[in-house]
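Step one of this worksheet: look at the structure below.
The values are calculated or read from the model by the stated rules, or taken from the named source; none is laboratory data. Note that the structure is predicted; figures quoted are calculated from it, not measured. Surface accessibility is based on the protein's heavy atoms, side chains included, excluding ligands, DNA and RNA. Shrake-Rupley method; radii C 1.70, N 1.55, O 1.52, S 1.80 Å.
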Amino acid sequence: MMTLVPHNPTYLSDGELLRCYVAHQSPAAFTCLVKRHINLVHAAARRQIHDDHLADDIVQAVFIVLARKAHKLPSSTVLEGWLATTTRYAALDAIRRAARRARHEQRAALSGAEKMKDTSPVQNTDHDWSTIAPHLDAALARLKPADRNA
């Protein structure tokens, strides 16, 4: 078993890098894993999300999950497959959160519109407007220029 993390761990396999990271909390080993697989994770996230900024957030989330769960991964784990699956779950979660946020925003907007209706002394309808519209220009024309310009 490896007791020291090499200065340049790039030649190690994914499994060896994971073991180094777990055993020694090696930033070098984890950085090597991230550099090795970041393009795979980003491409998968981008294909599923179609948004570069959200894909970046998903990449970050996937590698955070890897850091947290590295000690639980069996030695037989194929890291590329695990990362692809984790990316899929993170993308689905991001899609659900975005949909939930959109629903909340829509409800808030509708609630705000309802409140505005409730506080308004007169509720305008198409019928009201059709009654007022013919008189509006005549009333504006009767105003003094300073009042009309206001």
| field | ³J(HN,Hα), Karplus 6.51/-1.76/1.60, whole Hz, each residue of segment 141-146, x for Gly, Pro | value | 5, 7, 6, 5, x, 5
| note | The relative contact order of segment 1-91, taking Cα pairs under 8 Å that sit 6 or more residues apart, comes to a percentage of 30
| With DNA, RNA and ligands ignored, accessible area of VAL34 (1.4 Å probe; Å², nearest 10) | 30
| message | Heavy atoms of the protein only, probe of 1.4 Å, neighbouring chains included. What is the accessible area of ILE132 in Å², nearest 10? | response | 90
| Heavy atoms of GLU16 accessible to a 1.4 Å probe, total area in Å² rounded to 10 | 60
| query | So, how do all the Cα-to-Cα distances of segment 1-71 break down into 5 Å bins, in percent, from 0 on up? | reply | 3, 18, 26, 19, 15, 10, 6, 2, 0
| field | Segment HIS53-ARG68, extension gain: residue separation times 0.36 nm, minus the distance between their alpha carbons | value | 3.1 nm
